[in-house]
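The values are calculated or read from the model by the stated rules, or taken from the named source; none is laboratory data. Quick caveat, the model's predicted, so the values are computed rather than measured. For neighbour counting, all protein chains shown are included, and Cβ atoms are generated from backbone atoms with ideal geometry for every residue, glycine included. Please note that ligands, DNA and RNA were not included when accessible areas were found on the heavy atoms of the full protein model with its side chains. Shrake-Rupley method; radii C 1.70, N 1.55, O 1.52, S 1.80 Å.
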Amino acid sequence: MELQNTVKEALNALYHHPDDAVRMQADRWLQDFQRTIDAWQVADNLLHDASSNQETLIFCSQTLRSKVQRDFEELPSEAFRPLRDSLNTLLKQFHKGPPKVRTQISLAVAALAVHVPADDWGDGGIINWLRDEMNSHPEFIPSFLELLKVLPEEEFNYKIAARPDRRRQFENELASAIETAFNILTACLNINELKEQVLEAFASWLRLRHRIPASTLSSHPLVLAALSSLNSEILSEASVNVISELIHYTAARNSGGVSSQLPLIQVIVPQVMSLKPQLRDPSKDEEDIKAIARLFADMGDAYVELIASGSDESMLIVHALLEVASHPEFDIASMTFNFWHNLQMILTERESYRSFGNETSIEAQKTRSLQVFRSSYESLVSLVTFRVQYPQDYSDLSMEDQKDFKQTRYAVADVLIDAALVLGGEPTLKILYMKLVEAISHCGKDQHSDWRPAEAALYCIRVISDYVSDIEAEVMPQIMSLLPKLPHQPQLLQTVCLTIGAYSRWLNAASSGLSFLPALIDILVSGMSMCEDSAAAAALAFRHICNDCKKKLCGSLDGLFQIYQTAVAGEGPFKVSAEDSLHLVEALSMVITELPSEHAKKALEAVCLPSVAPLQEIINQGPVVLGQKTARELTVHFDRLANIFRYVNHPEAVADAIQRLWPIFKAIFDVRAWDMRTMESLCRACKNAVRTSKRLMGVTIGAMLEEIQGLYGQHHQPCFLYLSSEVIKIFGSDPSCANYLKVLIESLFSNTARLLTKIQDFTSRPDIADDCFLLASRCIRYCPQLFFPSTVFPSLVDCAMVGITVQHREASISILNFLSDIFDLANSTHGESCLSIRDSVIIPRGLTITRILVACLTGALPSSRLETVTYALLALTRAYGLKALEWAKECVSLIPSTAITELERARFLQALSDAASGANMNGLVVPIDEISEVCRRNRTVQEIVQGALRPLDLNIVAVS
């Protein structure tokens, strides 16, 4: 009683106390209480207590449902029947509400049925028990119907802590009881006020997709009841759900194929088709129209392969779907978009025509099929383009509504791409060009005229750019000549700039492309001066133009430099942000790449100057000033230099530039090594220079490595590791660099191993762990001959063993991948000579590594990391065969039988045995996933398993 009163007081505090701190404390207490074994009895007592208020009833019903789902194993086996009887009494007690409480009780009974086999349940299993209860207590039928509805829904509810075997058994129990369930529902159909509830339960059972003969369903009273509701005055949501499920049922893989489902399809399709006139019926409310549209969309999705045959009957469905696509409400029209995409895939993919034999027949049939649907996709293009038009009040819309509008544009873009794939880019372009011409006729040069239709047409034209031939000569020249005539309204100008960028390949390839470039670059300059959004679009377009037309633009370098310098200096009329200015940096770098070597060096120097000069000026003011500058004042310049070194593909020129700039870089390394942001930006510039220059870097690379090696010991910046990673990739196999790199590897890894000695270190510095083990994997791939014999290899393996269970996703995955790379060493071209060294380190630690990996598999790491852990464990097993099996056997034997059965243990070990024998890994995943699921099925079991394996408490000692 005392605990019951405390629960009531805590609930009262949670819902009614004015102090937030008290409410939070009450919430924490209630959550802790729900995990206790006393929660069973207290929740049950309070639910049976007539004086309990609604807040108490809802909390206790949720508690009981949660306890049955997660903690059923806490109870002794003899507690099942009293629990079932108590829940049954509550189901009857709350048959008139509150509905939330009744639903929670129903879910608790369903969870109980998932846990308890039909034989143990008694009365022939839950469905027969339910039938008998309904016959004995007809007054409680609504409550029992709700239970009947949730039963199939709970089959795949993984919150229920049932073992995989039991879940499969429950599925079979439901399948064998389906006829009884349908008989119960059919009997309840006679009670008119229950019809809606009966149909909802029927839809729920259909979702199981159990094989029911189509001939049985086609004349079943439940199906006929749902179909008759379609034509009633008030369209029942439940009947729509049933028909929707039936449509999907007829197309399900396990339903025996469309031919076996024809009796049912022939009943459903005419009934749904008869609803088509209602799509345009003004007397129908929007919810009814939405329900009808959903049925047409479901038919399209389910029968798309039949529809692709192009028969007269299937074209009737296509026309109905076009009708839905024309609906003014986007939510309704967009229901068809998935169909148009799937139909496009079937019509355009060669795989669909394989049965036609030779290439000629395949092409002929494909052409015929595309022709059949040509007019439908042409109509579709015309129907969707208006939806991308900016609303008149766009600037007044909330952020959420503006975001929704952008999502609408993306969805329409996908449909236009589908249409272009069916019709071809040029025919689609012609339709959109006509829309543009029509729009421009209503759009004067004046900013206040209606620019929106022209912007919408241009948006659509931009979307299909990848599908228009680079040498299209009929429409594209006319579009390009129209662009300079459009008013400079901000959103329209932004889309004009993006369209120019989208057709940069056309501008390069088309015979008339060059003649348009000066006028188009003028538009981009205007875009950079208009507003931030148009400036961003113009900078991006500028990058595309320079990338694709670089050869044509080499002669215009002075003009391009002028644009670049104005934008980068941040002076004058340009509104290009620092981030967007990187597009201009890339643009000019790409043009410089096309210059002959002797000119490229000068041009590279000039393009670096706007970034180098301010850096030099800061350095000239002395180390104190340099140390006080904000990171942003430095990184803006290093980010630009990083892009220049990445995109100027003149290795010699870049090597020359980095050699000249090294004193500046070194000065900043020396003074700002404590500043992570500056170091990341500077290391990115160095990394790109290394990647482009490769072995031409000469002495600079030695100086660079010496610098970061010294600084890493003091400041432990992760970016020093990823810069080293790039160096290893390029110089790892160069014998002349072996001594340099050996010292680098020893220094970086020994420093990191000293830094990461316990799991808390990994948690506080996951970035260091991530970059360290990415670098180690690089070493395994590019210089195993330096890495494995080094003194740091054993200590790095020990370090990995400590850190595997770090919860940080990237760090954990990098460590697991590092171990997998070690285990897979025999597959590497350079690694075979290092196998004996590897084995001398791994074998003494094999049992511990296996135990940690099994712990990760069974709950020490989130289940989202299961695939990576599984791969590491299987790679270890493949590498060490019988030894690994012995390790695994010893580890799994530690898990108590209260957590896993002998059968589950044996299946897991068999999967590892198959891996050791060289079996395909794909077939071994299921038993490994299942032991993971079993060991994570609830908090108690997970704690038992982790308590037995103790991955963090293992004594990991260095082995000589």
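Residue pairs whose Cβ atoms lie under 8 Å apart, sitting 6 or more positions apart in sequence or on different chains, and linking a residue in segment 379-393 that is open to solvent by less than 10 Å² (accessible area, probe 1.4 Å) to a partner that is aromatic (Phe, Trp, Tyr) and at pLDDT 95 or above, are Leu380/Trp340; Val388/Tyr459. Only a single item in (1) open to solvent by less than 10 Å² (accessible area, probe 1.4 Å); (2) small (Gly, Ala, Ser); (3) at pLDDT 90 or above is not met by Ala519, and it is number (1). Considering the conditions (1) in a helix (DSSP H, G or I); (2) of a type in the set (S, T, N, Q); (3) over 18 Å from Leu705 (Cα atoms); (4) open to solvent by 30 Å² or more (accessible area, probe 1.4 Å), Ser777 is excluded by exactly one of them, (4). Criterion applied to Leu279, Leu316, Leu295, Leu321 was being assigned to a helix (DSSP H, G or I) and open to solvent by 40 Å² or more (accessible area, probe 1.4 Å), and the one residue passing it is Leu316. Got at least one residue in segment 875-882 being outside any helix (DSSP H, G or I) and either crowded, with 18+ Cβ neighbours inside 10 Å or within 29 Å of the chain's Cα centre (by Cα) (or both)? No, the conditions are met nowhere in segment 875-882. Farther than 20 Å from Ser204 by Cβ, free of Cβ contacts under 8 Å to residues at least 12 places away in the same chain and either in contact with a helix residue (DSSP H, G or I) (Cβ under 9 Å, 6 or more places away or on another chain) or assigned to a helix (DSSP H, G or I) (or both), is that true of Gly97? It is false that Gly97 is farther than 20 Å from Ser204 by Cβ, free of Cβ contacts under 8 Å to residues at least 12 places away in the same chain and either in contact with a helix residue (DSSP H, G or I) (Cβ under 9 Å, 6 or more places away or on another chain) or assigned to a helix (DSSP H, G or I) (or both).
The residue list Tyr249, Tyr303 contains one member that is hydroxyl-bearing (Ser, Thr, Tyr), open to solvent by less than 50 Å² (accessible area, probe 1.4 Å) and at pLDDT 90 or above, which is Tyr303. Scanning segment 132-152 for residues that are open to solvent by 30 Å² or more (accessible area, probe 1.4 Å) and of a type in the set (S, T, N, Q) yields Asn135, Ser136.
So which residues in segment 522-546 are open to solvent by 50 Å² or more (accessible area, probe 1.4 Å) and either without any contact (Cβ under 8 Å) to a residue 40 or more places away in the chain or closer than 18 Å to Ala603 by Cα (or both), if there are any at all? Can you show your working first?
Residues of segment 522-546 open to solvent by 50 Å² or more (accessible area, probe 1.4 Å): 522, 530, 532-533, 540, 544.
Scanning segment 522-546 gives a single hit, Asp522.
Pick out the one residue from Val109, Val114 that is closer than 26 Å to Glu902 by Cβ and open to solvent by less than 40 Å² (accessible area, probe 1.4 Å).
Val114
Residue by residue, here is whether (1) surrounded by fewer than 20 Cβ atoms within 10 Å (Cβ to Cβ); (2) at pLDDT 95 or above; (3) part of a helix (DSSP H, G or I) holds:
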{"site": "Cys554", "(1), (2), (3)": "yes, no, yes"}
{"site": "Phe574", "(1), (2), (3)": "no, no, no"}
{"site": "Val636", "(1), (2), (3)": "yes, no, yes"}
{"site": "Phe645", "(1), (2), (3)": "no, yes, yes"}
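For segment 190-199, a residue qualifies if it is modelled with pLDDT of 90 or more and either out of contact with any helix residue (DSSP H, G or I) (no Cβ under 9 Å at 6 or more places or on another chain) or open to solvent by 30 Å² or more (accessible area, probe 1.4 Å) (or both), and the qualifying residues are Lys195, Glu196, Gln197.
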